[in-house]
1. Nearest 5 is fine: what % of DSSP beta bridges in the chain come out antiparallel, could you say?
2. How large is Rg/Rh for the stretch 43-142, to two decimals, with Cα atoms and a Kirkwood Rh?
3. Quick one: if you take sqrt(5λ) for each eigenvalue of the C-alpha gyration tensor of the stretch 125-234, what semi-axes come out, biggest first, whole angstrom?
4. Please compare each pair in Lys93/Lys327; Lys106/Lys266; Lys99/Lys169 to a cut-off of 24 Å on the Cα-Cα distance and tell me which ones are over it.
5. Of Lys5, Lys232, Lys347, how do they rank once you tally other Cβ atoms within 10 Å and put the fewest first?
6. Looking at the chain, I'd like the Rg to Rh ratio, where Rg is from alpha-carbon atoms and Rh is Kirkwood's inverse mean 1/r.
7. Mean residue ellipticity at 222 nm from the helices of the chain, using -39,500 (n - 2.57) per DSSP H segment of n ≥ 4 over the full residue count, to the nearest 500 deg cm²/dmol?
8. Sorted by packing (mean other beta-carbon atoms within 10 Å per residue), highest first, where do 148-156, 180-188 land?
Amino acid sequence: MMQQKISVGLLGFGMAGRVFHAPIVSAIGGLRLSKIKANRPESIALAKQLYPDTTVVSDTSPVLEDPEIELVIVATTNATHFELAKAALQAGKHVVVEKPFTVTSKEANELIELARAERKLLTVYQNRRWDSDFKTVTKLLENEMLGRLVEYEAHFDRFRPIPAHNTWKEENQPGTGILYDLGSHLIDQALVLFGTPREVYADLRTQRSCGQIIDSFDLSLYYANGFKAILKAGMLVRQPGPRFLLSGDQGSFVKYGLDVQEAALKAGLAPTAPNWGEEPEEIWGRLDTEVHGQRIVGKIQSEAGDYRGFYENVRDSILGIAELDVKAVQARNTIRIIELAMQSNEKKRRFPFE
């Protein structure tokens, strides 16, 4: 007998809900996208067009009050994540929160305690753990292909010299700016690889003359034995440098180009498309190292990326057959580092992670 699918409610059908959540959930066996909450008339019309078997509502209550819905996805504006996730947990739902988890670590801690009290799953959509390039970096480090790593540098750069109009992401309000947006990904990836740092230092800037938000950051995480992770992002980078640059005492790895899944999803492709998440050879990373006395120089085929891995893990965690990959405590640590980065920028000094 086929097991009944887990019913899912999606709050928000902006870019996050439309591009990164609805298509992935719809491609996962065992999940059913039951309701979508959308605000704008054009979003409502598009949701109905793309998902004709899903009920589209314009208010949160029909999602939270539906007894059949087990999992709620919060894909709304950053400043609303806390209140909506809290309401969903109080309604007895498992919850996925779009990154950034919350605006403050205090809010994150409150949600973590509430989820524990309600005995509900709480996780954050750190989908970039399932990027092709990050999976490749992870495999290289697991196999110690660079020897002892001494420096890790990751970039997430864009060229958007003119801030977009009529979007909350370009407004000076809690939780906006590139540190919360792209920084959430870079910080999470560093914490997965290396754990929490000893100290944090950051230089945050608004480089666009007409900008209202932080649109450039240079963040350093300091670890034991002199190791440093450098995380950078900016909106005025017309010719991007390496996405990843890793240096060890036996060799280096350099990788250009972004994971291909976002572009594919924006183009309307489904994760069930052939060769999903496979990078073209022209953006494979280059390795120059020595292993057991043997020099190795050349391109390294990228691992295939697949954002379905996140929701497959959520499904299996709800069913009790897997441990949750993206733990809320990890996402809280990401927010804490963002807070420390802002303090570091203000005081112009390193801050211990605590």
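Computed from the coordinates by the stated procedures, all read-outs in this text should not be read as laboratory data. If you're wondering where the values come from, they're calculated on a predicted model, not measured in any experiment. Ideal geometry is used to build each Cβ from the backbone, glycine not excepted, and the neighbour counts take in all protein chains shown.
1. 60
2. With Rh from the inverse mean 1/r over Cα pairs, Rg/Rh is 1.05.
3. Rounded to whole Å, the semi-axes are 29, 15, 11.
4. Violating the 24 Å limit, Cα to Cα: Lys106/Lys266.
5. Result, fewest neighbours first: Lys347, Lys5, Lys232.
6. The Rg/Rh ratio comes out at 0.96.
7. Calculated at 222 nm, the ellipticity per residue is -9000 deg cm²/dmol.
8. Descending mean neighbour count gives 180-188, 148-156.
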